[in-house]
Amino acid sequence: MGRLVNGVWETGPVAPKSTDGSFQRADSAWRNWITPDGAPGPTGRGGFAAESGRYHLYVSLACPWAHRTLIFRALKELTPHISVDVVDPLMGEDGWTFATDFPRTTGDTVLGTAFLREVYLADEPEATTKVTVPVLWDKATSRIVSNESSEIVRMLNSAFDGVTGNTLDFHPEALRDEIDRVNERVYPGLNNGVYRAGFARTQAAYDIPAREVFETLDWMEDRLGRSRYLAGDRLTEADWRAATTLFRFDLVYNTHFKCNRRRIIDYPRLWDYTRELYQTPGIAETVDFEHIVNHYYRSHPEINPTRIIPIGPVIDWTETRRGGTRAAA
Ligand SMILES: N[C@@H](CCC(=O)N[C@@H](CS)C(=O)NCC(=O)O)C(=O)O
């Protein structure tokens with residue numbers, strides 16, 4: 001827990017302090033885009049052409065934002081083209097580290113650093129920033145391309161199609177407005193809503209997001225009664241952005257973040273849908289419940305001072321979705 005200030009690591013609480021006790025997420029600072037030919041994207045500078053073997057993702061298997069990027073890497077068959085390093089699930093005084101004693105951790109195989117902050121410093125020695133995952137790293141220029149997951153998934157969705165030949169499109173032109181509308185509801189109400197509830201420091205700061213989390217889940221349950229997926233009859237980015245929070249909900253957010261009005265398994269359609277997302281080929285391999293529970297319950301002493309990992313609910317991820325076969329993107 002901490003941040004870089006002018007290149008120096010300062011420790012502090014995981015949730016930034018605010019005067020009203022509410023949790024406020026910092027904006028991501030690296031916003032360049034990989035494009036097919038290296039032309040600049042919607043933000044940042046150009047020079048990041050899609051090439052096999054050039055880019056690297058630093059992720060935590062616990063983190064729902066980093067998880068999005070792993071999902072798109074799998075769906076878009078980018079595994080042979082974009083390498084990945086996995087940090088240790090415990091985020092303590094040093095922030096994310098490359099300790100390798102936990103299963104599936106890798107160390108930093110590109111730069112050989114011990115702490116993720118050193119990756120940020122390799123790009124910008126005087127950086128003032130939070131040190132977050134995911135980080136999309138360019139091995140050719142030794143620069144960070146992006147640390148904003150919502151933009152990284154858009155790059156992975158299309159920039160490498162010429163490299164992989166995989167043209168599945170999870171952000172199709174015809175559905176963009178609808179996808180954006182769903183994202184605008186699901187991001188604040190669910191993805192970030194659980195954090196706003198969990199990291200609230202006053203009852204009032206908790207009450208509002210906690211209610212919004214369940215209003216959003218109710219809204220999703222209702223929507224899934226009318227269309228198979230959140231933005232219509234095909235799987236889109238909107239579903240995958242929701243998925244990473246849904247996968248973690250009953251194990252962690254329900255208890256650790258006090259989002260306990262209902263569980264996902266209590267919502268018939270949402271639970272059916274969540275299992276379908278989980279069972280989509282390539283996805284289960286990106287979900288690591290050991291990293292998830294170890295990270296959350298052990299990294300937030302303000303919320304769980306004993307660091308005890310609760311026994312957890314029994315969840316059967318294997319039953320197939322009622323109502324038909326899976327639709328391709
Ligand atoms: N906007 C970022 C948020 C990423 C983020 O907050 N990641 C968390 C892990 S789940 C993190 O690395 N936190 C480190 C910290 O708060 O110091 C994104 O979506 O990429």
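The values are calculated or read from the model by the stated rules, or taken from the named source; none is laboratory data. Everything numeric in this text was worked out from a predicted model, so none of it was measured. Methodologically, a virtual Cβ is constructed for each residue, glycine included, from the backbone with ideal geometry; neighbour enumeration extends over all protein chains shown.
Here is how the numbers come out for the structure above:
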| item | result |
| --- | --- |
| Where a residue in segment 111-132 is not assigned by TED's automatic domain parsing to the domain that holds CYS63 and its partner, wherever it lies, is surrounded by 15 or more Cβ atoms within 10 Å (Cβ to Cβ) and assigned to a helix (DSSP H, G or I), with Cβ under 7 Å and at least six apart | none |
| Members of segment 89-117 found to be among the hydroxyl-bearing types (Ser, Thr, Tyr), under 20 Å from the mean Cα position of the chain (by Cα) and away from the ligand (no atom under 16 Å from the Cβ), listed by number | THR106 |
| Test: residue in segment 197-204 that is of a type outside the set (Lys, Arg), more than 12 Å from the ligand (Cβ to nearest atom) and farther than 29 Å from ARG262 by Cα | no |
| Subset of segment 73-88 that is of a type in the set (D, E, K, R) and touching a strand residue (DSSP E or B) at 6+ places or on another chain (Cβ under 9 Å) - its residue that is nearest to the ligand (Cβ to nearest atom) | ASP88 |
| Strands (runs of 3 or more DSSP E) (entirely within segment 44-146) containing at least 1 residues that are among the charged types (D, E, K, R) and modelled with pLDDT of 95 or more | 82-86, 135-138, 143-146 |
| Contacts under 6 angstrom Cβ, first residue in segment 147-167 being within 21 Å of THR43 (Cβ to Cβ), partner in a helix (DSSP H, G or I) and of a type in the set (A, V, I, L, M, F, W, C), 6 or more apart | SER149/TRP65; VAL153/PHE72; LEU156/PHE72 |
| Segment 145-161, subset farther than 19 Å from PRO36 by Cβ and in contact with a Phe, Trp or Tyr (Cβ under 6 Å, 6 or more places away or on another chain), residue nearest to the ligand (Cβ to nearest atom) | SER149 |
| Search result, residues across segment 127-144 that are away from the ligand (no atom under 12 Å from the Cβ) and either hydroxyl-bearing (Ser, Thr, Tyr) or within 27 Å of THR167 (Cβ to Cβ) (or both) | THR128, TRP137, ASP138, LYS139, ALA140, THR141, SER142 |
